[in-house]
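J.: Once you've had a glance at the structure underneath, I'll fire off some questions.
Read-outs throughout are calculated quantities, based only on the coordinates presented, and are distinct from any laboratory measurement. Remember, predicted model here, so these are calculated numbers, not experimental data. Cβ: placed from backbone, ideal geometry, glycine included. Neighbour counts: every protein chain shown.
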Amino acid sequence: MTRSLLAALALLAACPGPDTAVDTDPGTSGTDPDTGTARPAWTASLLAEVDGGQQLRLTATAEGQLLAAWFANTPVSDGICDEIAANPPERLRYPLMAALGGPDAWAVEEVARPVVALTPTGLDLAVDPSGAPVIAFTGGTPQGQYCGGNDAVVATRGSGGAWAQVTAASESGESNTGLPASDAGFVVGHWPALAFDPAGHAAVLHRDVHYGALQRDDEYRADAELAWSSGSGWSHEAVDAGQGAGAYGQLRFAADGQPVAVYVVPIQGTGEQRLGVWASKRATDGTWARVQLHAGQVGQEVAVDLSPAGVLSVAFYSADDLEPRLRRLTDLTRLDDPSAWTNERVGTALYDEGAAISIARLPDERLALSYHRCKRAADNADTCDANEEAVVVALEDGSSWTHEVAYRGAYGACGGYTSLAVAGAELFVAFQCTDQVDGAFVVRPWLARRPL
């Protein structure tokens, strides 16, 4: 175990950070449970009347218009996967949808129908410097014995309404780590994170799982990799090679023009204890400095904010603690120094909450987190309690946090894939929730909003 990792674990154990006040139930959106004073109320409505919302993402343009993207919940059969030579399985496609023109006049359109081997492996949504919506996802044509998309693909919506796709990465060996096991294979583009550098060029952080995680080794030697456009082509490099990295990634660019990557190592190997959340920053010489921010299982989302002042905030769900955590760094030159990071507890302690986490920075520079509330912390059931499930928004309030319930579902599971955005003078959170249609239960994308 490395000295830096030992220091990180010691910091986690010794410096849990300030506890928040325990709300008896942060559930009445018009009243602050800590002070009893009135606060703006949340209102919620369907974002789209479709069965969907898987891996939902929400963002806002500079003009205050909202954009959303998600996968359908169920695949569409497209015959037999005849790209596979031996025993070809059924070819399944998951519609990738975009909603434009929100929050009051959404237009929903289909972007693509990528082939998916098991379940979609992430998407990201951004706005390019020209104001066009851009979506990164895993696409491409099945090959080998892998009946699924295996490229990092970037789709941009043109002024005429058509979505044009380009391939950012297609082969494991493009990153050229020099490690034979890392350079072998072709299944890349999982869990893509999209960002634009100061010159306006796109970059995609993604996970390389070599032959598609069809074998255990593919997971254990997965790589976090970066595909970076120059405007005329794509360069490729390894961010964290050969040790399982790259799941649920987030990507930002620092003021020096260099990328900052945050990702999860979702497996525990037999050597260095790497399971958990990691952050890495590229230096101008192409090397990456990295640090482990959390050791242990986390939810399938990590949320990141990088302020203009260079403050890096990383939020995630700690499965061991049943709560959302926030790590914050004020000096990017010390990213690989565990002692430079704060460690804050954001939850209420009463609930198992914090999965499906998202982050936003308010106009006054305070942070807001949204996440799924699953059940009471004392409830030992393996599943969430539909009577307790909710979308919670935590707002930074000095050295503590206030908690608001943005929405409670009426019909079942509610609060998956939360995604925050600020537009105009309002705070928005998109999420997945159960609805009832003609006596049947349908999981759909929703949107809640409140004035700032």
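J.: Sorted by packing (mean other beta-carbon atoms within 10 Å per residue), highest first, where do 147-157, 286-296, 411-421 land?
T.: Result, highest mean first: 147-157, 411-421, 286-296.
J.: Roughly what percent of Cα-Cα pairs across region 390-452 reach past 14 Å?
T.: Pairs farther apart than 14 Å: 58 percent.
J.: Normalising by the residue count of the chain, find the relative contact order in percent from Cα pairs under 8 Å and 6+ residues apart.
T.: Normalised by residue count, the contact order of the chain is 15 percent.
J.: Just to verify a number: FRET efficiency for GLN297 and ALA199, C-beta to C-beta distance, R0 = 30 Å, to 0.05?
T.: The value I calculate is 0.20.
J.: If you don't mind, there's one more thing I want to ask. At R0 = 35 Å, how high is the FRET efficiency between LEU118 and VAL437 if r is their beta carbon distance? Nearest 0.05 is fine.
T.: In this case the efficiency is close to 0.80.
J.: Sticking to Cα atoms, compute the Rg of region 320-377 to one decimal and its Dmax as the biggest Cα-Cα distance, whole number, in Å.
T.: Expressed in Å, the Cα Rg and Dmax of region 320-377 come to 13.4, 40.
J.: Additional query: What is region 55-200 by shape, rounded, prolate or oblate, if you read a ≥ b ≥ c off the alpha carbon gyration tensor as root eigenvalues and call it rounded for a/c under 1.5, prolate for a/b larger than b/c, and oblate otherwise?
T.: oblate
J.: Can you tell me how much longer the chain between ALA386 and ALA340 gets when fully stretched, taken as 0.36 nm per residue apart minus their C-alpha distance, in nm with one decimal?
T.: 12.6 nm
J.: So if the hydrodynamic radius of region 267-322 is defined as the Kirkwood radius over C-alpha pairs, what does Stokes-Einstein give as its diffusion coefficient at 10 °C and 1.306 mPa s, in µm² per second?
T.: 122
J.: Based on alpha-carbon centroids, what's the gap between region 189-206 and region 249-291 in Å, whole number please?
T.: So the separation of the two Cα centres works out to 14 Å.
J.: Give the Cα extents of region 76-296 along the principal axes, in whole Å, largest first.
T.: Principal-axis extents of the Cα atoms in region 76-296, largest first: 50, 50, 34 Å.
J.: Let me ask you something else. Once fully extended, how much extra length lies between ILE267 and ILE80, figured as 0.36 nm per residue of separation less the alpha-carbon to alpha-carbon distance?
T.: Extra length available between ILE267 and ILE80 comes to 64.1 nm.
J.: Let me ask you something else. Tell me, what is the FRET efficiency for ALA181 and ASP256 to the nearest 0.05, using R0 = 41 angstrom and their Cβ-Cβ distance as r?
T.: Calculated value: 0.80.
J.: Which peptide among 334-342, 274-282, 379-387 comes first, and what is the full order, when sorted by highest mean count of other Cβ atoms within 10 Å?
T.: Packing proxy ranking, top to bottom: 274-282, 334-342, 379-387.
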